[in-house]
Amino acid sequence: MKNDYGSRSWLEGHYAVNPDSDPWGLDWRPTQQLRYRRMLDSLQHGVGDGWRPSCIVDLGCATGNFTSQLGRLPGAAAGCVVGIDVAQLAIDRARARHPALQFERASIAEAADRFAGSVDLVTCLEVLYYLPQSERVSTLVRLRDMLKPGGLLLASSMIGRPPYLDARALQDLVGAELEIVDSGTLYLRPFVLLEKSAMKLGRLFPRAALARRQSRLGSESSILARLERLAGAGLPGLARSHAFVLGRRV
């Protein structure tokens, strides 16, 4: 792993060589849309029908796809969602794609200082593994301190060798600071590998076809959800791809 892995310069470099999209296909890959849907389902189950958040912060928002979905949560107040990323190119693209939402460039530490004790929900998806091992506990303290009493943190990680976290490591990290409300594992690894291979080999999903692919995401995600259940039942050890945890500040 490169020494600058996950740094601002590393991220900016990836955005710079992908001028029309995010570098990871988060806004069109069916596996990622299913991942978002599964975590939103967990969140809505955890908060119940009467939840009325006044402030939601999406840390590591990239180009804002998940941020926009947070803005459509039932009960979310208008203008309550803020997307934050350390990469300015990500923020620029998020603002262009979702002009009705608020996006800001900031580090986790800067966001934690600004939003201390004022947030109903912090989401931190696919971010923690970018941090050095030595900084992860202190970062969880910062995320906890952003929350109001009863506020929620939704965190996720790809599952794999370090620096990635498996389901147990993620639960232990979050559980040291917050009460675990829910957790889950996704079994998308075979499909993720296919998507990534397609992205690398000749760009089989050209940018010109992005709009058509986005229009098909609903049907693709439905099929993929069934395939994911089969993979989880038949090959759970090989198919594990992502873990997520929902924690509450008590």
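The values are calculated or read from the model by the stated rules, or taken from the named source; none is laboratory data. Here the structure is a predicted model, which is why all the values come from computation and not from measurement. For neighbour counting, all protein chains shown are included, and Cβ atoms are generated from backbone atoms with ideal geometry for every residue, glycine included. Only protein heavy atoms, including side chains, enter the accessible area calculation; ligands, DNA and RNA are left aside. Shrake-Rupley method; radii C 1.70, N 1.55, O 1.52, S 1.80 Å.
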- Query: What are the pairs, 6+ residues apart or on separate chains, where a residue within the stretch 151-178 that is closer than 17 Å to Gln133 by Cβ has its Cβ under 9 Å from a residue that is assigned to a loop (DSSP other than H, G, I, E, B) and of a type in the set (Phe, Trp, Tyr)?
  - Reply: Ser157/Tyr164; Met158/Tyr164; Pro163/Tyr5
- Message: For the condition open to solvent by 60 Å² or more (accessible area, probe 1.4 Å), among the basic types (Lys, Arg) and in contact with a strand residue (DSSP E or B) (Cβ under 9 Å, 6 or more places away or on another chain), what is the one hit in Arg52, Arg35?
- Response: Arg52
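Please go through the stretch 154-198 and pick out each residue that is of a type outside the set (A, V, I, L, M) and farther than 28 Å from Val47 by Cβ.
Correct list: Gly160, Arg161, Pro162, Pro163, Arg189, Pro190, Phe191, Glu195, Lys196, Ser197.
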- Note on the structure: So, first residue farther than 23 Å from Thr67 by Cβ and touching a residue at least 60 places away in the same chain (Cβ under 8 Å) in the stretch 1-25, second residue surrounded by 14 or more Cβ atoms within 10 Å (Cβ to Cβ) and of a type in the set (Phe, Trp, Tyr), Cβ within less than 7 Å, six or more apart or across chains; the pairs are Tyr5/Tyr130
- Message: Quick check on my filter: what residues within the stretch 47-60 are part of a loop (DSSP other than H, G, I, E, B) and closer than 21 Å to Gly150 by Cα?
- Response: Gly48, Asp49, Gly50, Trp51, Arg52, Pro53, Ser54, Cys55
- Query: How many of the residues in the stretch 112-146 are open to solvent by 30 Å² or more (accessible area, probe 1.4 Å), among the β-branched types (Val, Ile, Thr) and either in contact with a helix residue (DSSP H, G or I) (Cβ under 8 Å, 6 or more places away or on another chain) or within 25 Å of Gly71 (Cα to Cα) (or both)?
  - Reply: 1
- Those residues that are of a type in the set (A, V, I, L, M, F, W, C) and at pLDDT 95 or above, I need them from the stretch 52-79; list them, please. Cys55, Ile56, Val57, Leu59, Cys61, Ala62, Phe66, Leu70
- Asn3: passes all of (1) crowded, with 20+ Cβ neighbours inside 10 Å; (2) over 22 Å from Arg93 (Cβ atoms); (3) polar (S, T, N, Q) but (1)
- Note on the structure: Within the stretch 61-78, of all residues that are in contact with a strand residue (DSSP E or B) (Cβ under 7 Å, 6 or more places away or on another chain) and assigned to a loop (DSSP other than H, G, I, E, B), the one surrounded by the fewest Cβ atoms within 10 Å (Cβ to Cβ) is Ala76
- Task: For Arg226, work out the one condition from (1) surrounded by 11 or more Cβ atoms within 10 Å (Cβ to Cβ); (2) at pLDDT 75 or above it doesn't fulfil.
- Result: (1)
